[in-house]
Structures are given as structure tokens and as C-alpha cells.
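**Q** Dropping a structure here in C-alpha cells format, bear with me for questions.
The values are calculated or read from the model by the stated rules, or taken from the named source; none is laboratory data. Here the structure is a predicted model, which is why all the values come from computation and not from measurement. A quick note on method: Cβ atoms are made from the backbone with ideal geometry, for glycine too, and the neighbour counts reach across all protein chains shown. The area values use the complete protein model at the heavy-atom level, side chains included, leaving out ligands, DNA and RNA. Shrake-Rupley method; radii C 1.70, N 1.55, O 1.52, S 1.80 Å.
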Amino acid sequence: MSDWLVGKKAVANALGVSVSTLKRYLKLYPDFPANRRGGTIYVSPEALAAWVEHRTFKKCPTCGIALPA
């Protein structure tokens with residue numbers, strides 16, 4: 001697990017989003033590839049890349065943030 005992303009901040013940085021946006025993703029998308037131990041999340045970079053690749057992203061018309069559809 002040494003090459004995994006550990007913690008919400010690391011995962012958010014890898015996605016290029018804020019921690020609050022990552023928390024929203026974790027609530028909205030049950031297929032998000034996060035493993036949890038207590039309050040810490042662990043994400044494989046390969047699984048995260050695959051999840052992003054298979055998601056369709058759309059831009060928010062108000063703020064311009066890319067959101068998974």
C-alpha cells in the first residue's frame with residue numbers, strides 16, 4: 001500500500017479538486033474507488049485513473065468546475 005494515495009487531501013490533490021469536492025464525490029458516487037479504515041481513505045492511483053476515465057465530466061454553468069456526471 002505504499003504507493004497508494006492516503007488521506008482526503010492527497011486524493012483531492014491527485015484529482016485537482018478541493019477536499020470538500022472530494023467529500024461530495026464520496027457521498028454521491030458509491031463506485032468511487034476508496035477503501036476506508038476509520039476516518040482515513042486509501043485510493044489506488046490506478047483505480048482512481050480508471051474511475052476518472054470511465055466517468056463523463058460536465059462543467060458547472062455557474063462556477064465552471066468539472067463534475068462527474
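**Q** What accessible area, in Å² to the nearest ten, does a 1.4 Å probe give for I65?
**A** Accessible area, nearest 10 Å²: 80 Å².
**Q** Continuing with this model, one more query. Assign unit charges at the C-beta atoms only (+1 for Lys and Arg, -1 for Asp and Glu), then state the dipole size of the chain relative to its Cα centre in Debye, rounded to the nearest 20. If you can, show how the numbers build up before the last one.
**A** Working: 10 positive and 4 negative charges, 79 e Å.
Rounded to the nearest 20 debye, it is 380 debye.
**Q** Using only helices, what value at 222 nm comes out for the chain when you add -39,500 (n - 2.57) per DSSP H run of length 4 or more and divide by the total residues, to the nearest 500 deg cm²/dmol?
**A** -11500 deg cm²/dmol, from helical runs alone.
**Q** Dividing the alpha-carbon radius of gyration of the chain by 2.2 N^0.38 Å (N being the number of residues), what value is obtained?
**A** Taking N as the residue count of the chain, the ratio is 1.08.
**Q** A further question follows. For the stretch 17-65, what is the accessible area per residue in Å² when the probe is 1.4 Å?
**A** Here the residues of the stretch 17-65 average 68 Å² of exposed surface.
**Q** Probe radius 1.4 Å, ligands and nucleic acids left out: which of S18, S44 has the largest accessible area, and how do the rest follow?
**A** S18, S44
**Q** Moving to a separate point now. Roughly how tilted is helix 45-54, in degrees to the nearest 10 and between 0 and 90, from the longest Cα axis of the chain?
**A** 30
**Q** Quick check: the angle from helix 19-28's long axis to the longest principal axis of the chain, C-alpha only, nearest 10 degrees?
**A** Long axis of 19-28 versus the principal axis of the chain: about 90 degrees.
**Q** Of all accessible surface on the chain at a 1.4 Å probe, what whole percent is carbon and sulfur?
**A** Ligands and nucleic acids excluded, carbon and sulfur reach 55 percent.
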